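Have a look at the structure below before the remarks.
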Amino acid sequence: MIYFIGAGPGAVDLITVRGAEILSRSGMIIYAGSLVNYELVKKYACDNCEIYNSAGMTLNEIIEKLISGHKRGLIVSRLHSGDPALYGAVREQINILSEKNIPFEIIPGVSSLFAASAALKCEYMIPEVSQTLIITRLEGRTPVSDRESIKSLAGHNASMAVFLSASMIDKVCSELIAGGCDSETPAVIIYKASWPDERIIRGTLKTLPELARESRINKSALILVGEFLSDNINFAKSRLYDENFSHEFRK
């Protein structure tokens, strides 16, 4: 069997129990070395496991390894950073395996999105502040349609997480402001959330680009934007625990 496993955001103990258990039984592990913490591979891989770093491999080379391991009867783990569903480049791999009738499973993981909110001790959805979280990226080598541009999404004034765009943080912030966000909107760039060398830089849409430059953060970082980051926001308490609000578990 081939397993696509979410390695989590970086901390060795933030992989799921299921993912760790499968890794420990795998005869082959192919891990995304540019993003996955190798300490995690070292911790869970068995002694005779074949280990390959996909950072320098092409899609065809990865597929060849996956199929080779499967044909030899190995448990094969394809280890992706965070959760495979978010910018994981998984679809192109599983489509090929499906065409060849090769069985596979996907094991979810903890996204850096949630490692970041934990590190910041914040909540993306706050009553009467924002009930929507936009997960997006700036156009780079991978194109993004006009309807999904940062500028067009800014008009929602929702909580926002911008992946894969740290090197273009000036453009991210300027596009958000051009789209209608206030320049004083709280913004954070968090480098390698949950890793030992995690760094958090707080600012606003106006100040964050310069702060990021001063900190020399231009990759492996997540940009978060929205009023949910403010320490001084007025918000409504959840009705779930309101003594005057009844529901099926409490009258």
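Which loop-located GluC sites (Glu not before Pro) does region 134-214 contain, where loop means any DSSP state but H, G, I, E or B and the Cβ has at most 14 other Cβ atoms within 10 Å?
Counting only loop positions with at most 14 other Cβ atoms within 10 Å, the GluC sites (Glu not before Pro) in region 134-214 are Glu184.
Go through region 103-108 residue by residue and turn each phi into a ³J(HN,Hα) via Karplus (6.51, -1.76, 1.60, θ = phi - 60°); whole Hz please, and just put x for glycine and proline.
My calculation for region 103-108 gives x, 8, 9, 10, 10, x Hz in order.
Can you give the charge dipole size of the chain about its Cα centre, rounded to the nearest 20 debye, using +1 on the beta carbon of Lys and Arg and -1 on the beta carbon of Asp and Glu?
That gives the chain a dipole magnitude of about 480 debye.
Using label points projected 7 Å from each Cα along Cα→Cβ, tell me how many nm separate Thr207 and Val144, to one decimal.
Rounded to a tenth, the inter-label distance reads 2.5 nm.
For Lys121, list the lysines whose Cα falls under 19 Å from its own Cα; do not include residues on the same chain fewer than 8 positions away.
Hits, sequence-local ones excluded: Lys192, Lys237.
Mind giving me the FRET efficiency for Leu59 and Arg25? R0 is 35 Å, r the Cβ-Cβ distance, nearest 0.05 is fine.
Working from the Cβ atoms, E equals 0.85.
Taking 2.2 N^0.38 Å as the expected size of a compact globular protein, what ratio does the Cα radius of gyration of region 105-201 give against it, to two decimals?
Normalised Rg, Cα atoms only: 1.13.
For region 181-195, list residues with backbone N below 16 Å from a point placed 7 Å from the Cα of Lys151 toward its Cβ?
181-182
Along its three principal axes, how long is the chain when you only count alpha carbons? Whole Å, largest extent first please.
59, 51, 36
Considering amide H positions built from the backbone, and no H for Pro or chain starts, which residues 5 or more places from Arg78, or on another chain, come under 5 Å of its amide H?
Tyr3, Phe4, Ile5, Ile30
Over region 2-107, what lengths in whole Å, largest first, do the semi-axes of the equivalent ellipsoid take, defined as the square roots of 5 times the eigenvalues of the alpha-carbon gyration tensor?
19, 15, 13
Give me the number: length gained by fully extending Ile94 to Ile200, i.e. 0.36 nm times residue separation minus the C-alpha to C-alpha distance, one decimal in nm.
So the extension gain works out to 34.7 nm.
Can you give the FRET efficiency to the nearest 0.05 for Glu128 and Ala178, using r as the Cβ-Cβ distance and R₀ = 30 Å?
FRET efficiency, Glu128 to Ala178: 0.70.
Each reported figure results from applying straightforward, stated rules to the coordinates on display, with no laboratory input. Everything numeric in this text was worked out from a predicted model, so none of it was measured. Note: ideal-geometry Cβ built from the backbone for every residue, glycine included; neighbour counts use all protein chains shown.
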